[in-house]
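Here the structure comes first, spelled out in structure tokens, and everything after it is commentary.
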Amino acid sequence: DLVKQLFMLGVMANQNQSLDTDTIEILADELGIEAVQAEAEIDLDSTDPADPVGFQSFLEENKENAELAERPPVVTIMGHVDHGKTTLLDTLRDARVTAGEAGGITQHIGAYQLESQGKKITFLDTPGHAAFTTMRARGADVTDIAIIVVAADDGVKPQTEEAINHAKAAGVPIIVAINKIDKPTANSDRVKQELMNYELIPEEWGGDTITVEISALMGQNLDELLEMVLLVAEVQELTAPPEGRPLGSVIEARLDKSRGPVATILVQEGTLRVGDPIVVGYTHGRIRTMTDDLGNDITEAGPSKPVEITGLNDTPEAGDNFVVFDDEKTARAIGRKRAEKQQVESRRKTSSMSLETLFENIRDEELKEVALVVKADVRGSVEALASSLQKIEVEGVKVNIIHTGVGAINETDVTLSAASNAIIIGFSVRPNAQASALAEQEGVSIQTYNVIYDAIDDVESAMKGLLDPEY
Ligand code: GDP
């Protein structure tokens, strides 16, 4: 009948032919039915690792359709080496068992949940800003609150400064845990004084930075710390749709000899269930088992809940996103398509920023800020360069220096820049070999100078679109 109708309309068609929208509309009209355009909800051509198979479209879908409910905060612990990050994570984890929480023995799955004042809090079990920023660079912004641990007998150190800058670059609120106050050499006031250099003004001194004096080793004041976490969470009004399409991020993953690929994932929206067909980064599967951080087999997991899953086809990477599909066939098709594409393309970022592309981005994306990471050989140069760069403003576009540091440009500088779409400016320093390789892979631009004025001039010219092209 359709072929006949089309013939009458002057279209010679057979059964295997596709029709354009106009023809379909005319045909539908002739037949007295309504033609509806199917939504192309899956973007198979998405090459953005943060957006597997049109991940963003699912976020939008949840936003439009699902009801929101409060969800537990997700916390990352950062700070300088030996200041007590691991001790704090361990003490908090162990305390929940004595607190009478039901369940088995603590399993190290990469994240855990505890309860305080009847409210849940999720902790990521890998401390440090490197893990935090690597996840961000791969598209997973899971952390809601950063606890920065500073040892009271040692004070603010280079990695403390890095942690502060990484948390700020991510726009994550900071709680400072001043640790080791049991030590006779502890000096909390000195730590608070040092924090002022990073625009972290303690509350009792009239600022808005929450500081809590603790001893992670002795378990001192940890309840107060958790209370502050809940307070900050309340201000943030963290919500997620518990009934929306399940999606989230991979915290860590490995290949287990007997169980196959095992991934710890954090549910960010919806409720994940055993049997769900799922696409995770560049792999796919059907959830066979779900285990919580106490080793219990569970059948469903809602927002902010970390669970270890099996049933995937391949091992994903930390920071990969996951989405649940309605049926296994679609999940398989999309998983395969993505795996194919991954082989063809590298994971290289295509949207990276460089001085050459800055002006175009300012023009096209209505960029209001140019993010820079500034490294130099001595503190004085860092400060001089940073303050001069900070003053540049071109037609409402400002420079935002997200991190400064003394010494060679290293891998964390590159990861931070990749996550924040920043350009690295080096003065009398060079990137080390690993940093160069990573920058190449991530498409992060590194500019090095020996004259401060040249650096300032280049950034300003680039922002005005006046930079001479390099040949
Ligand atoms: P991380 O490198 O930041 O993870 O630090 P660790 O948690 O490994 O702690 C480094 C050292 O500091 C270990 O020997 C801990 O026992 C010790 N430590 C951690 N917290 C405290 C504390 O509150 N008081 C004291 N006295 N020692 C602590």
*Pairs with Cβ under 9 Å, 6+ apart, first in segment 311-334 and within 20 Å of Leu255 (Cα to Cα) and at pLDDT 85 or above, second outside any helix (DSSP H, G or I) and of a type in the set (Phe, Trp, Tyr)*: Asp314/Tyr282; Pro316/Tyr282; Pro316/Phe322; Glu317/Tyr282; Asp320/Tyr282
_Some residue of segment 389-396 being part of a helix (DSSP H, G or I) and surrounded by fewer than 17 Cβ atoms within 10 Å (Cβ to Cβ)_ = yes
*Just to be sure, is Lys375 part of a strand (DSSP E or B), of a type in the set (D, E, K, R) and within 15 Å of Ile424 (Cα to Cα)?*
yes
*Name every residue in segment 183-197 that is out of contact with any strand residue (DSSP E or B) (no Cβ under 8 Å at 6 or more places or on another chain) and among the polar types (S, T, N, Q), in order of residue number.*
Thr185, Asn187, Gln193, Asn197
*Hey, among the residues in segment 143-164 that are modelled with pLDDT under 95 and of a type in the set (Asp, Glu), which one's surrounded by the fewest Cβ atoms within 10 Å (Cβ to Cβ)?*
Glu161
*Please work out which one of (1) within 16 Å of the ligand (Cβ to nearest atom); (2) farther than 22 Å from Gly248 by Cβ; (3) more than 21 Å from the chain's Cα centre (by Cα); (4) not β-branched (Val, Ile, Thr) is the condition Gln117 fails and give its number.*
(1)
_For segment 225-245, check the following and say yes or no: at least one residue is in a loop (DSSP other than H, G, I, E, B), within 16 Å of the ligand (Cβ to nearest atom) and not acidic (Asp, Glu)._
no
_So, in segment 194-224, how many residues would count as being within 16 Å of the ligand (Cβ to nearest atom) and among the aliphatic types (A, V, I, L, M)?_
6
_Residue list for segment 204-223, restricted to those being within 19 Å of Met78 (Cβ to Cβ) and either in a helix (DSSP H, G or I) or in contact with a Lys or Arg (Cβ under 6 Å, 6 or more places away or on another chain) (or both)_ = Leu222
*Taking segment 419-439, which residues are touching a Leu at 6+ places or on another chain (Cβ under 8 Å) and farther than 17 Å from Ser388 by Cβ?*
Ala422
*Would you tally the residues in segment 165-203 being assigned to a helix (DSSP H, G or I), without any contact (Cβ under 8 Å) to a residue 60 or more places away in the chain and buried (at least 20 other Cβ atoms within 10 Å of the Cβ)?*
3
*asked:* Looking only at segment 4-29, filter to residues that are surrounded by 13 or more Cβ atoms within 10 Å (Cβ to Cβ) and not in a loop (DSSP other than H, G, I, E, B); which one of those is farthest from the chain's Cα centre (by Cα)?
replied: Gln5
*Can you pull out the residues in segment 271-303 that are in contact (Cβ under 8 Å) with a residue 60 or more places away in the chain and surrounded by fewer than 24 Cβ atoms within 10 Å (Cβ to Cβ)?*
Tyr282, Thr291, Asp292, Leu294, Gly295, Asn296, Gly302
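The values are calculated or read from the model by the stated rules, or taken from the named source; none is laboratory data. It should be emphasised that the depicted structure is a prediction, and the values quoted were computed from it without experimental measurement. Ideal geometry is used to build each Cβ from the backbone, glycine not excepted, and the neighbour counts take in all protein chains shown.
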